[in-house]
Amino acid sequence: MIDFWSVQCRFYPAGAASLGLTTLHISGVLLATVPLAVGSTGSPQRSRPALCWLIHTTRREVSARVTSLDRAELNDQPKAVKASMWHINAGTTLAGTSRADPDEPAGHVALAEARQGVPFALSDPDWASFTLGVFICSTCSGIHRGISQISKVKSVQLDAWEPVEVEFIASTGNDAAKAKYEQKVPPFYYRPTASDCQVLKDQWIRARYARKEFIYTERQEPYSAGYREGVLWKRGRDNGQFLSRKFILSEREGVFKYFNKHDAREPKAVMKIECLNATFQPVKIGNPNGLQVTYLKDNSTRNIFVYHEDGKEVVDWFNAIRAARFHYLQVAFPGASDVDLVPKLTRNYIKEGYMEKTGPKDAYARGEVFIGSKENHYLVLSGLPPSTQGYHWQHGITIVTPDRKFLFTCETEFEQHLWIEAFQKAINRPMLPQEYAGLPGRRSYWSFGRLARVSISRLGKWQP
């Protein structure tokens, strides 16, 4: 097998007087220098730029051509060259066409098609599973190695590929794999993105390929049954130590609750599914499987921090919460579509951190600020009113609401900029009809979602 280290090319537009040369290096040795393909009369065969080369090996002579490109596409040509060279290295053509046929595109076209639908929105992955027939990113390649009995990975650029492996991945590809392994993904099941934590990506891949949960629906029971009971490690409010606690999630009762003792009859805390949120916070909690659960109590936001040693267990809890909320919202808002409801199941924070708060003092702690839209006269301003006193940090932010102004200060100008940007995102988003129920004096799930959107509930230290 021949390893291709580099390809150096010079491109000329069709009709140019000088057609130039294409230089190929294989294993660091110059093998051939050939002109750009021309017709029998010496003029370019096509009106669009095209690149051809001739490669001499000890086994055979191989001619391959990269499909013609528009001028705007020339910047992407190195990727196409890399793909085509990879096919030649494997001794086969992914498109199933003869390399000697000048009218057929080279195999990199099939490779590009097979790469469509790569998980986590990565467009040019350098790894592939030749047993599953999918392209993957470097992060996912590590996860796939953990299920080596099912998925075996190779580098697209560095590893040698057998013809049968190339043909299989060309005939499969990410779109075909998605159609097979994601046949029955529940609408509430969380699909990770590139920015999500490792445990979500790991369990998504294992659920998809190893456990085949989205082919056999009976394997979804741990998070779709409507009732879940188990043990999680919960961080204590006073000493910060994690202690084992019994948790129950019940869709029928509409609650998520935990008990200080495993045999206790009465729960320590009861959280209504209506106002429940869960988000993974591994850094904050200090555990890769750390989950932050947020809920409303006495009109204020409360948090609990939990984890489980088993990644599957904690992700099952997370998706069970999403399932419970999904079914609750289907009943509460019967006219809403799944597309409308799914973004409301759980929410990640746009921005989280510390600010000083100053301004008028209420008789009781508000703890939260409702962020409406600019159409309802909500504004975010840089700086503080001239008469403001009693603050230590110098970089102020003023939130203007119809009722009053909320004053905050940040430690650095950079933090001020990030907070203003986060507030502005919420203010620029028009309010939904349901969110009007969250205006001062009223509270609903929808308004809670708008509060969580900017994560300004509890601007001091977190309070379990």
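Values quoted throughout were computed directly from the atomic coordinates according to the rules given, and no laboratory measurement underlies them. Note that the structure is a prediction, hence the values are computed from the model and not measured. Please note: Cβ atoms are built from the backbone with ideal geometry, for glycine as well, and neighbour counts cover all protein chains shown.
Phi angles across the stretch 166-183 convert, under the Karplus curve 6.51 cos²θ - 1.76 cosθ + 1.60 with θ = phi - 60°, into 3J(HN,Hα) values of 5, 4, 5, 5, 5, 7, 9, x, 5, 5, 5, 5, 4, 4, 7, 8, 10, 4 Hz, Gly and Pro given as x. Scanning residues 5 or more positions from residue 269 or on other chains, those with amide H under 5 Å from its amide H are 258, with H placed 1.01 Å from N in the peptide plane. Taking each of 184/344; 257/425; 234/425 in turn, the alpha-carbon distance tops 28 angstrom for 257/425; 234/425. Residues in the stretch 213-227 carry Karplus couplings, in order, of 5, 9, 9, 10, 5, 5, 7, 8, 4, x, 10, 10, 6, x, 8 Hz; the curve used is 6.51 cos²θ - 1.76 cosθ + 1.60 with θ = phi - 60°, and Gly or Pro positions show x. For the residue pairs 212/261; 261/351; 180/201; 284/357, the C-alpha atoms sit more than 26 angstrom apart in 212/261; 261/351.
Note that the stretch 138-145 has calculated 3J(HN,Hα) couplings of 5, 4, 5, 4, x, 5, 5, 5 Hz, one per residue in order, obtained from phi through the Karplus relation 6.51 cos²θ - 1.76 cosθ + 1.60 (θ = phi - 60°); glycine and proline are x. Net charge dipole, the stretch 204-287: roughly 300 debye, given to the nearest 20, about the Cα centre with Cβ charges of +1 for Lys and Arg and -1 for Asp and Glu.
Amide H of residue 134 versus every other amide H placed in the peptide plane: which residues, excluding those fewer than 5 positions away on the same chain, fall under 5 Å? Residues meeting the criterion, in which the H sits 1.01 Å from N, are 129. Amide H contacts under 5 Å for residue 290: 281, restricted to partners 5 or more places along the chain or on a different chain, H placed in the peptide plane at 1.01 Å from N.
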